[in-house]
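Comments concern the structure below.
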Amino acid sequence: MSTQKHKRQLLTPGDIVRNLHYGPFAVNWWFFTGIKTKTAKVKQIAIPIRVNMRIKFELNQTEVIIRVVDNNWKHGYVCELDMEAIIYSTPSAAINETYKKKINVKTRFSGPGVLGFDNDTIIGITNQCDSWY
């Protein structure tokens with residue numbers, strides 16, 4: 001199912017944490033993707049997975065919020081609709097498992113799509129430099 005059909009809203013852009021995003025575990029805190037440009041070339045970009053970033057995502061008229069947490073030098077994802085507050089290793093697992101519990105269906109969603117990493121506005125906000133940099 002495409003996330004393009006669902007409303008996504010960046011509630012909180014989150015924080016760049018120097019020792020996570022630029023330290024020895026930095027590879028865990030960036031999402032690398034290619035986007036097409038007007039000249040049909042693919043431009044490679046790096047999107048930071050920010051600590052405490054919160055995205056609201058609407059599924060079948062149910063609002064779901066996914067939050068990024070620091071899970072011992074690696075990112076984790078908590079779905080705020082899930083009362084158990086389980087930390088999942090991927091955004092796909094967070095949304096798919098919670099959706100399966102709530103609605104009892106096995107619909108699958110793309111984690112990067114849920115986080116808005118295919119949305120120019122969200123990419124622009126998350127790629128803004130913090131003042132300390």
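Among the strands (runs of 3 or more DSSP E) confined to region 36-133, the ones with at least 2 residues that are modelled with pLDDT of 85 or more and among the charged types (D, E, K, R) are located at 54-59, 62-70.
Among the residues making up region 4-28, those that are of a type in the set (A, V, I, L, M, F, W, C), touching a Lys or Arg at 6+ places or on another chain (Cβ under 8 Å) and not in a loop (DSSP other than H, G, I, E, B) are L10, L11. The test for being among the aliphatic types (A, V, I, L, M), modelled with pLDDT of 85 or more and within 15 Å of the chain's Cα centre (by Cα) does not hold for A26. Do we find that P91 is touching a Pro at 6+ places or on another chain (Cβ under 9 Å) and either of a type outside the set (D, E, K, R) or loosely packed, with under 12 Cβ neighbours inside 10 Å (or both) in this structure? Answer is yes for this residue. Cβ separations smaller than 7 Å between residues 6+ apart or across chains give the following pairs from region 55-78 residues that are under 16 Å from T90 (Cβ atoms) and surrounded by 14 or more Cβ atoms within 10 Å (Cβ to Cβ) to residues that are acidic (D, E) and modelled with pLDDT under 85: R67/E80. Counting just the residues of region 96-128 that are under 16 Å from K7 (Cα atoms) and charged (D, E, K, R), which one comes out surrounded by the most Cβ atoms within 10 Å (Cβ to Cβ)? Going through the qualifying residues, I end up with D118.
The values are calculated or read from the model by the stated rules, or taken from the named source; none is laboratory data. The structure presented is a predicted model; accordingly, all values stated were derived computationally and were not measured. With ideal geometry, Cβ positions are generated from the backbone for all residues, glycine too; neighbour counts draw on all protein chains shown.
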